[in-house]
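The values are calculated or read from the model by the stated rules, or taken from the named source; none is laboratory data. Just so it is clear, the model here is predicted, and its values are computed rather than measured. When we count neighbours, we look across all protein chains shown, and the Cβ atoms used for this are built from the backbone with ideal geometry, even at glycine. With ligands, DNA and RNA removed, areas are computed over all heavy atoms of the protein, side chains included. Shrake-Rupley method; radii C 1.70, N 1.55, O 1.52, S 1.80 Å.
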Amino acid sequence: MATIRLGDVAPNFTAESSEGTIHFHEWLGDSWGILFSHPADYTPVCTTELGTVAKYSEEFKKRNVKVVALSVDGLESHKGWIKDINETQNTTVNFPIIADEDKKVSELYDMIHPNADSNLTVRSVFIIDPDKKVKLMITYPASTGRNFDELLRVIDSLQLTAYHKVATPANWQSGDDCVVSPSIATADIPSHFSKGFKEIKPYLRMTPQPDLK
Ligand code: BEZ
């Protein structure tokens, strides 16, 4: 297992899932991707997480993001559990869940942290851009369900900063002012940002979110 770092190409793999065989890079195509692991099927926190992801499908679609989940449980387990998720979370799971029984993908992505649990995956999240580069990695413990609003917020920031010379400040939400990239000299800001800017310090310049009308 090689260490994965931000900016690396997301390791490719072929795996069985609840929606058939996935050749990961081919499956991603030109989309952004979220690959996330959960400890086990038929567990309460995971049930709420996968239900939440299903309910957010329009939000992911709007952002051109494909989502795939993973645990070390088998296909039959996934298929039975999906019925429970749909029933209890009042939704329809419409994304694949990888059945990583041989732990091939979990090991490739270092999703098993032996000092937390020697057999089960932790709650790993990888956000991958259309060039297949890893843009975010977060690891949550089994006892803490993820905040999927935060993942949408990060995707909004990643998609904005991929095309505009801005960064997003603490607690930024889409629509808030952005930080002008330090690579732009203050004298050059007007030629990049037509909506103006505010210089709070020479290194801290704010501008309205550039892609909004
Ligand atoms: C859960 O999804 O509820 C869970 C899974 C593993 C350990 C603790 C909680």
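Take M137: with every protein chain present and a 1.4 Å probe, its accessible area is about 80 Å².
Once neighbouring chains are kept in place and the probe is 1.4 Å, which whole percent of the accessible area of the stretch 1-138 is contributed by carbon and sulfur? Result for the stretch 1-138: 47 percent of the exposed heavy-atom area is carbon or sulfur. Backbone phi angles across the stretch 114-129, fed through the Karplus curve with coefficients 6.51, -1.76 and 1.60 (θ = phi - 60°), yield HN-Hα couplings of x, 7, 8, 7, 6, 10, 9, 6, 7, 8, 8, 9, 10, 9, 10, 8 Hz in residue order; Gly and Pro are listed as x.
Label positions at K79 and E19, each projected 7 Å from the Cα along the C-beta direction, are separated by 1.7 nm. A simple rule links phi to the HN-Hα coupling: the Karplus curve 6.51 cos²θ - 1.76 cosθ + 1.60 with θ = phi - 60°, which for the stretch 179-189 gives 8, 6, 4, x, 6, 9, 5, 4, 4, 8, 4 Hz, with x for Gly and Pro. Counting only whole DSSP H helices of the chain, the ones at least 15 Å long by C-alpha along their axis and with mean Kyte-Doolittle hydropathy no lower than -1.0 are 44-55, 148-163. With all pairs of different C-alpha atoms in the average, the Kirkwood value for the hydrodynamic radius of the chain is 18.6 Å. The phi torsions of the stretch 15-29, fed into the Karplus equation with coefficients 6.51, -1.76 and 1.60 and a -60° offset, translate into couplings of 8, 7, 9, 5, 10, x, 6, 10, 9, 4, 5, 5, 5, 5, x Hz, rounded to whole numbers, with Gly and Pro shown as x. Each label point was placed 7 Å from the Cα along the Cα-to-Cβ direction; for I138 and N12 their separation is 2.9 nm. Scoring 183-196, 153-166 by mean Cβ neighbours within 10 Å over their residues and listing the highest first yields 153-166, 183-196.
Along each principal axis, taking the top coordinate minus the bottom one, the Cα set of the stretch 3-44 gives 33, 24, 17 Å in descending order.
Less than 5 angstrom separates the built amide H of V166 from those of S181, all sequence-distant by 5 or more or on a different chain. Database remark: amide H of A99 closer than 5 angstrom to the amide H of E16, S17, S18 (H placed geometrically; neighbours at sequence offset of 5 or more, or on other chains; Pro and chain starts carry no H). Here the simple spin-label model places points 7 Å from the Cα toward Cβ, and for K195 and E87 these points are separated by 4.8 nm. With protein chains left intact and a 1.4 Å probe, residues in the stretch 14-145 average 45 Å² of accessible area per residue.
Rolled with a 1.4 Å probe across the full set of protein chains, the surface gives E76 an accessible area near 140 Å². Using a probe radius of 1.4 angstrom, the carbon and sulfur fraction of the accessible surface of the stretch 164-207 is 53%. Taking amide H atoms as placed 1.01 Å from N in the peptide plane, the amide H of R123 lies under 5 Å from those of Y140, A142, each 5 or more residues away in sequence or on another chain. In summary, the stretch 164-207 shows an alpha-carbon radius of gyration equal to 1.05 times the 2.2 N^0.38 Å reference for compact globular proteins. For A162 and A187, FRET efficiency with R0 = 25 Å and r from the beta-carbon atoms, rounded to 0.05? My answer for the efficiency is 0.50.
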